[in-house]
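The values are calculated or read from the model by the stated rules, or taken from the named source; none is laboratory data. Keep in mind that this is a model prediction, so the values were computed, not measured. Here the Cβ positions follow ideal geometry from the backbone for every residue, glycine too, while neighbour counts run over all protein chains shown.
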Amino acid sequence: MTENTSRYIDPLTDFGFKLLFGNEPDKDILIEFLNTLFQGEKHIVDITYSATEYSGSYTKEKKVLFDLTCTGQDGEQFIIEMQRTGQKFFRDRCVFYMSRLISAQLPKGKDWNTPLKEVYLIGIMEFQFNNVDSNYLHNIALMNTDTGKVFYKGMGYKFLELPSFDKLEHELESDLDKWFYLLKNLSRLNKIPSFLDKRVFQKIFKIAEVSKLTKEQRELYESDIKAKSDWKGGMDWAKEQAAEQAAEQTQLNIASAMKKEGLTNELIAKLTKLSIEEIELITLG
């Protein structure tokens, strides 16, 4: 089933993500999602959505724009970010976002005599971290590297690495697995699977039906789908180009080695499929 003929929206588009997780009347969806992520570590009863644009405490500070932010009943703050592709400074940006929320808790000019509210960043990623284990959920905290014990419990990161989640329907063991499966596969489904029988999942399917979108919502969603399709096409083309260039470079390296061994240009061309002109341009070092 293609994106354009899907019965349900893609929750990994900007529109789909905010429709499901960013609406006040349906905030129980985000509450359930967060409680599942924290797996008993926290129990969130209620949330209040916050502004997604933050200017900072000082006029010269750079504005930041979050995908989604909310505050729990105890004052704890959550940033929920979607990231489609890996970026060189993605981790730096996540730390910067957290630092903004932390620094904002102390009013300008006030003494430092108050405990900080907890802050958490949840990153939903359509790419895999480099040089990190293959887990699909990464729980990051400030930790004593000598003892392995958590140094400070008031802040943390949870990264959902969607490409690393490859469980099939019969392999789903927990509600967390079901959330991962739903995020990855919602737009590919044409009916509600029997194993997604919790009330929150039933509600998501009801909201996510493309046929129930208003005309304006449909236009916004289709614009998002086109942007995602264009991005994917560009990424696929870049990968193909990189693979072709790597293959060509391999052939050039082989041709160079053959040339050093004294093989004729004609024989090298026959063996490597390179042109005589390309082989003549190879200089022996």
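Can you tell me how many residues in the range 173-203 are within 21 Å of GLU161 (Cα to Cα) and assigned to a helix (DSSP H, G or I)?
Count: 15.
Out of the residues in the range 179-201 that are within 19 Å of LEU34 (Cβ to Cβ) and more than 17 Å from the chain's Cα centre (by Cα), which is surrounded by the fewest Cβ atoms within 10 Å (Cβ to Cβ)?
For the range 179-201, the residue satisfying everything is ARG199.
For the range 113-154, how many residues are of a type outside the set (S, T, N, Q) and either part of a strand (DSSP E or B) or in contact with a helix residue (DSSP H, G or I) (Cβ under 6 Å, 6 or more places away or on another chain) (or both)?
Adding up the residues that qualify gives 20.
Considering the range 205-219 alone, what residues qualify as being closer than 19 Å to ILE29 by Cβ and either of a type in the set (D, E, K, R) or part of a helix (DSSP H, G or I) (or both)?
Listed by number, the residues that qualify are PHE205, LYS206, ILE207, GLU209, VAL210, LYS212, GLN217.
Conditions first: (1) assigned to a loop (DSSP other than H, G, I, E, B); (2) surrounded by 14 or more Cβ atoms within 10 Å (Cβ to Cβ); (3) touching a strand residue (DSSP E or B) at 6+ places or on another chain (Cβ under 7 Å). TYR157 passes all but one, so which condition is the exception?
Unmet for TYR157, out of (1) assigned to a loop (DSSP other than H, G, I, E, B); (2) surrounded by 14 or more Cβ atoms within 10 Å (Cβ to Cβ); (3) touching a strand residue (DSSP E or B) at 6+ places or on another chain (Cβ under 7 Å): (1).
Residues checked against (1) surrounded by 14 or more Cβ atoms within 10 Å (Cβ to Cβ); (2) modelled with pLDDT of 80 or more:
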| site | (1), (2) |
| --- | --- |
| ASN253 | no, yes |
| SER256 | yes, yes |
| LYS259 | yes, yes |
| LEU263 | yes, yes |
| ILE268 | yes, yes |
| SER275 | no, yes |
| GLU278 | yes, yes |
| ILE282 | yes, no |
